Amino acid sequence: MTYKDYLTIISKRFSNMEEIKIDESLVTVSYEEKFKIQWVATKLKIFSFIHYIEKIELDDSEIYSSNCTKYASKNYKGLPRGFQNGVVSFNVLVSEVVTDEAIEFVTSRPKKHFAVFEMPIIYDLSRNKLYYYEDNQLWGSVYQKYLRSYLDKHFKV
């Protein structure tokens, strides 16, 4: 599978996608809002960033995830974070070549932020495999089931 194939498949799962510039790179992004009563009447502002690079190394994963999360926390719509609002940043890097250190980074506990969920993700085209943190987080545990379901529905092939 090529990156173009992957992007074509997952693009059908989003209602809107556009290209934006983050740190000198064109990144495909989708933005949506979800509300559920069981989330203590909060609304999630969900950003999904997808970008291809030739080789994913540890630094690439860390910098990309951080930059996407900063973009999401500055560009969501609505009330300030924490006031019945949470922001989710799914930061997907795609490549045929992925280092073990990069995989270790995305499968480790993500960084904590106030009312922002940073979710670094790698899709390895050579193995057709999605890598991400699979354990539950205490911070934001009310959203865990939904976030895991969202991730599986939108990014797995």
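The values are calculated or read from the model by the stated rules, or taken from the named source; none is laboratory data. This is a predicted model, so every value here is computed, not measured. All Cβ positions, even for glycine, are placed from backbone atoms using ideal geometry, and neighbour counts span all protein chains on display. All accessible areas refer to the heavy atoms of the entire protein, side chains included, with ligands and DNA or RNA removed. Shrake-Rupley method; radii C 1.70, N 1.55, O 1.52, S 1.80 Å.
Which of the residues that make up the stretch 9-68 are outside any strand (DSSP E or B), among the β-branched types (V, I, T) and within 19 Å of Y150 (Cβ to Cβ)?
Hits for the stretch 9-68 are I9, I10, I37, V40.
Taking (1) modelled with pLDDT of 80 or more; (2) at positive phi in turn, G78 satisfies each apart from (1). Of all residues in the stretch 54-75, those that are in contact (Cβ under 8 Å) with a residue 12 or more places away in the chain have Cβ atoms under 8 Å from Cβ atoms of residues that are assigned to a helix (DSSP H, G or I) and open to solvent by 60 Å² or more (accessible area, probe 1.4 Å), 6 or more apart or on another chain, in E57/E101; L58/E101; L58/E104.
Listed by first and then second residue, the pairs linking a residue in the stretch 1-30 that is farther than 17 Å from N75 by Cβ and touching a residue at least 24 places away in the same chain (Cβ under 8 Å) to a residue that is part of a strand (DSSP E or B) and of a type in the set (S, T, Y), with Cβ atoms under 7 Å apart and 6 or more places separating them unless they lie on different chains, are Y3/Y52; Y6/Y123; L7/T28. For residues that are surrounded by fewer than 16 Cβ atoms within 10 Å (Cβ to Cβ) and modelled with pLDDT under 80, scanning just the stretch 99-112, find the one that is farthest from V87 (Cα to Cα). The selected residue is R109.
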